[in-house]
Amino acid sequence: MSVEGGEEMKIDPSRAAALSSAIKSIQQRISTASGGRQVRLVAVSKLKPASDIQALYNDGQRHFGENYAQELMEKAAILPKDIRWHFIGGLQSNKAKPLTSSVPNLYLVSSVDSSKKATQLSKGRSEIPNAESLNIHIQINTSGEESKSGVTPGPEATELARHVLSSCPNLNLVGLMTIGAIARSQAVKEGEENEDFKTLVEERDRLQQELKQELGDRKLELSMGMSDDFEAAIGMGSDEVRVGSTIFGERPKREDFQVKAKAEESKS
Ligand SMILES: *Cc1c(COP(=O)(O)O)cnc(C)c1O
């Protein structure tokens, strides 16, 4: 999965048109669901080629989400420097520092679930001269499934939030994120509320109250909602939705993925 920067990226015009039309339809659905309230759309580009990202960038999209540190670093190196990268995947402590120190335009890390990782992210960010604080979300495990990462709502979340606010000078706590249980989300019927989203809303309200002193006027935001449930999430107050497959189509298997398609590389 190696890439070289510098050469021009080839974008297939019909692919670009399909992506543009897909994202416009998502934007339309977001604006209908939000009634005009500002909701950030993160286009989740994991396992999709850099040329797809460039095509959507040319179309005006700036926020892109990635799940793998190595893949994000490789893409960031060859794509425009004003892209706002979101890291949304499971973060390994040993990748936290290199990721932040090598990608100045890393905008938000949504998957912070331990004090150790928060400290590493803050240290990495401090190595970039004149950088603003790095935005982070604390990931909350709202479904209680052991397979999901994130901290448990309650004292564990409070403790991590306190750590970020008091001991991570280069981080900016902007809110909470959940992935939620897929099965639960699909089982939610029209007119019913998704329990994961409800839990995240309650946890945000609780933290906002409990950390009143530390937070001051700052309002914690909510990142919840993906391809299958982003409209429901917006209905429950989400400030950020992370949409992948509905924009880009189904993802390839991770082992089959390359930042640049083989066909592109072999063209001269
Ligand atoms: C992959 C991923 C998404 C996007 O999922 P889609 O169902 O493809 O929209 C959103 N959030 C996280 C954390 C993800 O890993």
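The values are calculated or read from the model by the stated rules, or taken from the named source; none is laboratory data. Quantities reported herein were computed from a predicted structural model and do not represent experimental measurements. So basically every Cβ, Gly included, is an ideal-geometry build from the backbone, and we count neighbours across all protein chains shown.
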>> If I ask for residues that are in contact with a Leu (Cβ under 6 Å, 6 or more places away or on another chain) and of a type in the set (A, V, I, L, M, F, W, C), which ones from segment 54-70 would you list?
In response: Ala55, Leu56, Ala69
> Would you pick out the residues in segment 99-116 that are in a strand (DSSP E or B) and under 25 Å from Thr152 (Cβ atoms)?
Replying inline: Leu108, Val109, Ser110, Ser111, Val112
> Across segment 230-256, what is the number of residues that are surrounded by 16 or more Cβ atoms within 10 Å (Cβ to Cβ), in a loop (DSSP other than H, G, I, E, B) and more than 9 Å from the ligand (Cβ to nearest atom)?
Replying inline: 4
>> Quick check on Thr119: is it among the polar types (S, T, N, Q), assigned to a helix (DSSP H, G or I) and under 22 Å from Gly154 (Cα atoms)?
In response: yes
> Of the residues that sit in segment 212-229 and are closer than 14 Å to Ile26 by Cα and more than 8 Å from the ligand (Cβ to nearest atom), which one is modelled with the lowest pLDDT?
Replying inline: Asp229
> Residue check, Ser126 against (1) within 16 Å of the ligand (Cβ to nearest atom); (2) at pLDDT 95 or above; (3) out of contact with any strand residue (DSSP E or B) (no Cβ under 6 Å at 6 or more places or on another chain), all met but one. Which one?
Replying inline: (1)
>> I'd like to know if segment 199-210 contains one or more residues that are at positive phi, modelled with pLDDT of 90 or more, over 21 Å from the mean Cα position of the chain (by Cα) and exposed (fewer than 14 other Cβ atoms within 10 Å of the Cβ).
In response: no
> Of the numbered conditions (1) out of contact with any Phe, Trp or Tyr (no Cβ under 8 Å at 6 or more places or on another chain); (2) farther than 17 Å from Val44 by Cβ, Ile179 satisfies every one except a single condition; which is it?
Replying inline: (2)
> If you take the residues in segment 57-98 that are part of a helix (DSSP H, G or I) and surrounded by 24 or more Cβ atoms within 10 Å (Cβ to Cβ), which one is nearest to the ligand (Cβ to nearest atom)?
Replying inline: Leu72
> Restricting segment 15-56 to residues that are more than 16 Å from the ligand (Cβ to nearest atom) and among the basic types (Lys, Arg), which is nearest to Ile247 (Cα to Cα)?
Replying inline: Lys24
> Of all residues in segment 9-48 being outside any loop (DSSP other than H, G, I, E, B) and hydroxyl-bearing (Ser, Thr, Tyr), which is surrounded by the fewest Cβ atoms within 10 Å (Cβ to Cβ)?
Replying inline: Ser14
>> So, Glu146, is that one in contact (Cβ under 8 Å) with a residue 40 or more places away in the chain and either surrounded by fewer than 16 Cβ atoms within 10 Å (Cβ to Cβ) or in contact with a Pro (Cβ under 8 Å, 6 or more places away or on another chain) (or both) or not?
In response: no
> Which condition breaks for Gln186 when tested against (1) surrounded by fewer than 16 Cβ atoms within 10 Å (Cβ to Cβ); (2) closer than 30 Å to Pro104 by Cα; (3) at pLDDT below 95?
Replying inline: (2)
